Amino acid sequence: MSRKRKELIAGLIFVSPWLLGLLLFHVYPFITSFYYSLTDFNPIKPSEFVGFENYRWLLEDNLFWKSLGNTLYFVGIGVPLSQLTALLIATGLYSVRRSRVMRTFRGIFFFPILVPEVVMVLVWLLMLNSEFGILNSFLKFLGINPPSWFLSVTWAKPTIIFLRLWFIGTSMVIYLSSLNEVPEEVIEAAIIDGASPLKRFFKITIPMISPVILFNFIMDTIGTFQIFTEPFVMTEGGPARSTYTLTMFIYTNAFQHLDMGYASAAAWMTFSLIFVTTVVVLAVTSRHVFYRG
Amino acid sequence: MRKLLILLMTFLVVLAFSRSVVEIWVTWTGDEYRIIEDLVKKFNQSQEEYTAKVISVSNLAVKFTTALAAGNPPDLVHANDQYIAPIVAMGGFMSLDDMNVNLEQFQDFVVESVKYNGHIYAFPIKVSIFGIWWNKDVFKKAGLDPDKGPQSLEELVEYSKKLTKYDEEGNLVRWGFDPLVPQWNWPYVWVYHFGGKLIDPETGNITIDSPEAVKTFKWVLDYLKNFGMEKVEKFRGGYGPYWSASNPFVSGKLAIFYDGDWVTHVFRLYAPDAELGFAPLPSIDGKKRCYVEVDVFSIPVGAKNVEGAKKFLEFLSKPENLIKLSGGQLSPLKEEYTPSSFFKKRRYSRKIMEVLKESEMFFCPKFPLWHLYLEEMDNAVEEMQAGTMSVEEALKTIKRNLERRMRKGK
């Protein structure tokens, strides 16, 4: 046996636990869920092949469209907002990169990521309580009449988007490290040429970190398409299903109605949507992203 | 070789004499859990074949369906009569026609409530009766007769207005009555108090868009508008969790509360000195009506120890065990099987029994998509209250969505 072949076998043995896990817990369910999406499948009874019936019912289901609309709202408004906030904070921290303040604040902004999401959401539920929550008490002190954040159809969705800003730590840290990679000599040259700070930011920094912006944007979009914890714990999809998302639709059909075939079809629709969105974003932004080297 | 044989023999002997486990899932915690735990101990001591194990499971409905889907359900599950039809329709509960239990001892309506399509699918364990509850002290302070609840819907509104308090800015501080407490409301019950039904018993058609139902929710919305929708929404945001001292009724935010008789447990825990009054929720035609639910145990399809589960039910069916299990609530037994001490020991049982006797009882319909009906109903009342749909539109949406789902299931 040649050395190369031996190395290949040894390598495969080392990665085999991960490969097995991938095949067993990702690839297998991925393929079977597509098959189940073509069946009338209740786990207690034998499944029955129904072709694309589940997809047809799905397209006629008002609740599916409503949950899709809500999810797109979270993606359309939540993703740009959280990415912009993360970038602004990272830029702010980068500007004081040589002081201790930067390290302290980087830790503070990253800290929420370390707290389990459900715990954080429960704490926010108390802080945003309309009667005795700290935010409403503060707003009342300022003479503002605050709403009931989670019971109002108008406010429930924006409140959830606002809460998700709490979890921008990962994006912020990635932006911060990418800002460190922007060559200082280019910035210095621009300063000598008399470019204003704003111009330097938009004409040099942004293009230089554009691959990172694209990466964060795509990851956040995928994550937001799968938003579940916040609406499930805070509002249970309400009021009036104004925060009912695609993942809640899948979960309810699968585990409460035991309509696994229908839930699988919805999961495949969600997957297709994420896939198409990612491809479109990549295609649209390809001309504007600058890859060094 | 000899050692191996001895080991094998020991293993077989242990296996032959070991007891098989009966796993029981319940939603109860606190006092209610301690009662079932005591009964389980008594059962384990009473025989040597089975060991029952009781587990208190939060969010039981979801965990149970997940376990059912995974083919790993418990041997007995605690539910109530509402869920029999949907779970049987899913193929999730076994028929208990052959359980060795004296059904004669149960009240007739109780036996009816555990039947579906002519078969018995559950074992009844206690009865919950719904009505309006009030704190007698609060009534006294407001100048109302503490022993008499509102007798008509008009009186309910009048009482509520008298009991409601505002702060200097006009915000609600105490509200007389909330007909739709978020997460703890039974919107469908209101339809029956307005003479309507959810399902036509003759045809099986969904009747949620009937004129009676429209009238019901128009009345409820008008009632809410009396206090200002925005104020109500804000006030509701301050309701604490049900099983806590900040439960809006326990904490005094609500003066009159529509609920099942388990609310007396909450008071026993968090406001033991409070004296409660109880009456049926008034109906539009003046008739006394009460919504009733029956707590049950069922054996899921896929249970590993069906025989053990049936043995446990047989044990529970002894009147003394059922009386113990009912805790502070009503037992499912006929009066002749209930010792008079039952009423002496339980503070509100006599009053509850009185109300039950003089009222017409009604149950939720035995409808295979009942869980969806509830979901749609909850959403519809939220839409109506938010003003995103008119009453007629919201009720028609419930019907349309359910009929669509029924067609899909065919």
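The values are calculated or read from the model by the stated rules, or taken from the named source; none is laboratory data. Small disclaimer: the values here were computed from a predicted structure and weren't measured. With ideal geometry, Cβ positions are generated from the backbone for all residues, glycine too; neighbour counts draw on all protein chains shown.
When segment A:237-276 is filtered for residues that are over 25 Å from residue A:44 (Cα atoms) and polar (S, T, N, Q), the ones remaining, listed by number, are A:242, A:243, A:245, A:270, A:272. Screening residue A:244 on (1) facing another protein chain (nearest Cβ under 9 Å); (2) within 17 Å of the chain's Cα centre (by Cα); (3) closer than 12 Å to residue A:33 by Cα shows it passes everything except condition (3). The condition of being hydrophobic (A, V, I, L, M, F, W, C), part of a helix (DSSP H, G or I) and closer than 22 Å to residue A:34 by Cα holds for only one of A:250, A:218, A:213, A:204, that being A:250. For segment B:225-251, residues that are more than 13 Å from every other protein chain (Cβ to nearest Cβ) and over 24 Å from residue B:270 (Cβ atoms) total 3. Given the condition part of a loop (DSSP other than H, G, I, E, B), away from chain A (no Cβ under 12 Å) and within 23 Å of residue B:187 (Cβ to Cβ), answer yes or no: does some residue in segment B:343-354 qualify? No, segment B:343-354 contains no residue that is part of a loop (DSSP other than H, G, I, E, B), away from chain A (no Cβ under 12 Å) and within 23 Å of residue B:187 (Cβ to Cβ). Annotation: of all residues in segment B:74-96 being in a helix (DSSP H, G or I) and in contact with a strand residue (DSSP E or B) (Cβ under 9 Å, 6 or more places away or on another chain), the one that is surrounded by the most Cβ atoms within 10 Å (Cβ to Cβ) is B:87. Here residue B:212 passes the criteria (1) in contact with a helix residue (DSSP H, G or I) (Cβ under 7 Å, 6 or more places away or on another chain); (2) surrounded by 20 or more Cβ atoms within 10 Å (Cβ to Cβ); (3) acidic (Asp, Glu) except the one numbered (2). Residue B:84 meets the conditions (1) touching a residue at least 12 places away in the same chain (Cβ under 8 Å); (2) within 14 Å of another protein chain (Cβ to nearest Cβ); (3) within 21 Å of residue A:253 (Cα to Cα) in every case but one. The failed one is (2). Can you find a residue that is at pLDDT below 90 and surrounded by 20 or more Cβ atoms within 10 Å (Cβ to Cβ) anywhere in segment B:226-234? There is at least one residue in segment B:226-234 that is at pLDDT below 90 and surrounded by 20 or more Cβ atoms within 10 Å (Cβ to Cβ). Considering each residue of segment B:314-321 in turn, none proves to be outside the structural domain of residue B:256 (by TED's automatic domain parsing), within 17 Å of the chain's Cα centre (by Cα) and among the small types (Gly, Ala, Ser). Within segment B:32-40, is even one residue more than 14 Å from chain A (Cβ to nearest Cβ), within 30 Å of residue A:42 (Cα to Cα) and assigned to a helix (DSSP H, G or I)? No, segment B:32-40 contains no residue that is more than 14 Å from chain A (Cβ to nearest Cβ), within 30 Å of residue A:42 (Cα to Cα) and assigned to a helix (DSSP H, G or I). For segment A:7-50, the tally of residues that are free of Cβ contacts under 8 Å to residues at least 40 places away in the same chain, over 30 Å from the mean Cα position of the chain (by Cα) and within 14 Å of another protein chain (Cβ to nearest Cβ) stands at 3.
Once segment A:123-167 is narrowed to residues that are of a type in the set (Val, Ile, Thr) and within 13 Å of chain B (Cβ to nearest Cβ), the residue that is farthest from residue A:238 (Cα to Cα) is A:144. For segment B:263-282, a residue qualifies if it is assigned to a loop (DSSP other than H, G, I, E, B) and surrounded by 19 or more Cβ atoms within 10 Å (Cβ to Cβ), and the qualifying residues are B:280, B:281, B:282. The number of residues in segment B:244-257 that are crowded, with 24+ Cβ neighbours inside 10 Å and not in a loop (DSSP other than H, G, I, E, B) comes to 3.
Residue-by-condition table, conditions (1) at pLDDT below 95; (2) within 20 Å of residue B:253 (Cβ to Cβ); (3) surrounded by fewer than 18 Cβ atoms within 10 Å (Cβ to Cβ):
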position: B:123; (1), (2), (3): no, no, no
position: B:127; (1), (2), (3): yes, no, no
position: B:180; (1), (2), (3): yes, yes, no
position: B:208; (1), (2), (3): no, no, no
position: B:216; (1), (2), (3): no, no, no
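Regarding segment B:193-202, can at least one residue be identified that is in contact with a helix residue (DSSP H, G or I) (Cβ under 8 Å, 6 or more places away or on another chain), surrounded by 14 or more Cβ atoms within 10 Å (Cβ to Cβ), of a type outside the set (Lys, Arg) and not in a loop (DSSP other than H, G, I, E, B)? The answer is yes, given that some residue of segment B:193-202 is in contact with a helix residue (DSSP H, G or I) (Cβ under 8 Å, 6 or more places away or on another chain), surrounded by 14 or more Cβ atoms within 10 Å (Cβ to Cβ), of a type outside the set (Lys, Arg) and not in a loop (DSSP other than H, G, I, E, B). One residue stands out in segment B:42-73 among those that are assigned to a helix (DSSP H, G or I) and more than 14 Å from chain A (Cβ to nearest Cβ): the one that is surrounded by the most Cβ atoms within 10 Å (Cβ to Cβ), namely B:43. Of all residues in segment A:253-266, those being at the interface with chain B (Cβ under 9 Å from one of its Cβ atoms) and in a helix (DSSP H, G or I) number 5.
Residue count for segment B:369-399 satisfying the condition of being touching a residue at least 60 places away in the same chain (Cβ under 8 Å), more than 11 Å from chain A (Cβ to nearest Cβ) and either over 18 Å from residue B:211 (Cα atoms) or not in a helix (DSSP H, G or I) (or both): 2.
Evaluating residue A:164 against the criteria (1) on the phi > 0 side of the Ramachandran plot; (2) touching an Asp or Glu at 6+ places or on another chain (Cβ under 8 Å) leaves one unmet condition, (1). Residues in segment A:64-85 that are within 13 Å of the chain's Cα centre (by Cα), closer than 25 Å to residue A:201 by Cβ and surrounded by 14 or more Cβ atoms within 10 Å (Cβ to Cβ): A:77, A:78, A:79, A:81, A:82, A:83. For residue B:407, indicate whether it is exposed (fewer than 15 other Cβ atoms within 10 Å of the Cβ), in a helix (DSSP H, G or I), modelled with pLDDT under 90 and within 14 Å of chain A (Cβ to nearest Cβ). When the stated conditions are applied, residue B:407 passes them.
Looking at this structure, is residue B:301 at pLDDT 85 or above, more than 14 Å from chain A (Cβ to nearest Cβ), out of contact with any helix residue (DSSP H, G or I) (no Cβ under 6 Å at 6 or more places or on another chain) and farther than 27 Å from residue B:184 by Cβ? Criteria not met by residue B:301.
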